[in-house]
1. Once you list every other residue whose beta carbon is under 10 Å from the beta carbon of Gly79, what net charge do they have if Lys and Arg are +1 and Asp and Glu are -1?
2. Remind me, relative contact order of segment 94-221 in percent, using alpha carbon pairs under 8 angstrom and six or more residues apart?
3. Excluding Asn216 itself, what net charge comes from residues whose Cβ is under 12 Å from its Cβ, given Lys and Arg +1 and Asp and Glu -1?
4. Count the net charge of all other residues whose Cβ sits under 11 Å from the Cβ of Asn204, scoring Lys and Arg as +1 and Asp and Glu as -1.
5. Here are some pairs, Lys91/Lys190; Lys116/Lys151; Lys87/Lys111; Lys113/Lys190; which of them have Cα atoms lying more than 32 Å apart in this structure?
6. DSSP loop trypsin sites (Lys or Arg not before Pro) in segment 139-221 with at most 11 other Cβ atoms within 10 Å of their Cβ, which ones?
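All of the numbers you see were taken from the coordinates with simple rules; none came from a lab. Being a predicted model, the structure only gives us computed values, none of them experimental. Cβ coordinates were reconstructed from backbone atoms using ideal geometry, including for glycine residues, and neighbour counts include every protein chain displayed.
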Amino acid sequence: MTKKHTKRALFTSALVLLLCLSMLVGTTFAWFTDSAASGSNVITSGNLDIEVQYTLDGTNWNNLDGATDLFKLGLWEPGHTEVVVLKIENKGSLALKYSANMNIVSETLGKTKDDKDIALSEYLTVSTLTIEAAGVDPVLGMDIAEMTLAKAFESENAIAWGTPVSFKSGNVLEQDMQLFADSTHYVFIKVDMPETVGNEANHNGKDIPSINFGVNVVAAQ
């Protein structure tokens, strides 16, 4: 074969190969296939929202924010008792934990007739009780929280209060209490001046003891 024929054969082979490759580019390969795809997905965040109201009589409720009339229904003397009830509602979409406490912001000392100091917080005690509002009890056929609320204001000793502690101790009413979404707790608070208190708490008429305190409810996820 002459060199001229060899070149022509190589050129023809290259041309045929190029045509074959061109044909392969447009060819569709058929294979078994399968697929799965999700629909439209939405991610939303929950919210933390707690509402706290209080009542001094078991009937009328007010927002706790800015309240200045807690435990001020009368003058404190031996045997005097006052009850306040907090209604703590989880209005958000997340379960939460809350803590409730009474803290002394400041205290003004009084004086007895023989010029001894009186710290009113030393002569007051705090008792508490917490109940979940769970609707009508299937056994008793009544709403336990509502029944307890009524009894607390009929007679301050008609319900099973917790052990009294000194007001001065900075009493923690409740700590790390779990409250689910759309749930409510009632926190009952009773402050007493026991009948055993005597003239050691009797001021001289001009140096009057007093307590500036706050009731706080703090919620966290």
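1. That works out to -3.
2. Dividing the mean separation by the residue count of segment 94-221 yields 53 percent.
3. -2
4. Spelling it out: positives minus negatives among the neighbours equals +1.
5. Checking Cα-Cα distances, Lys116/Lys151; Lys87/Lys111 exceed 32 Å.
6. Filter output for segment 139-221: Lys206.
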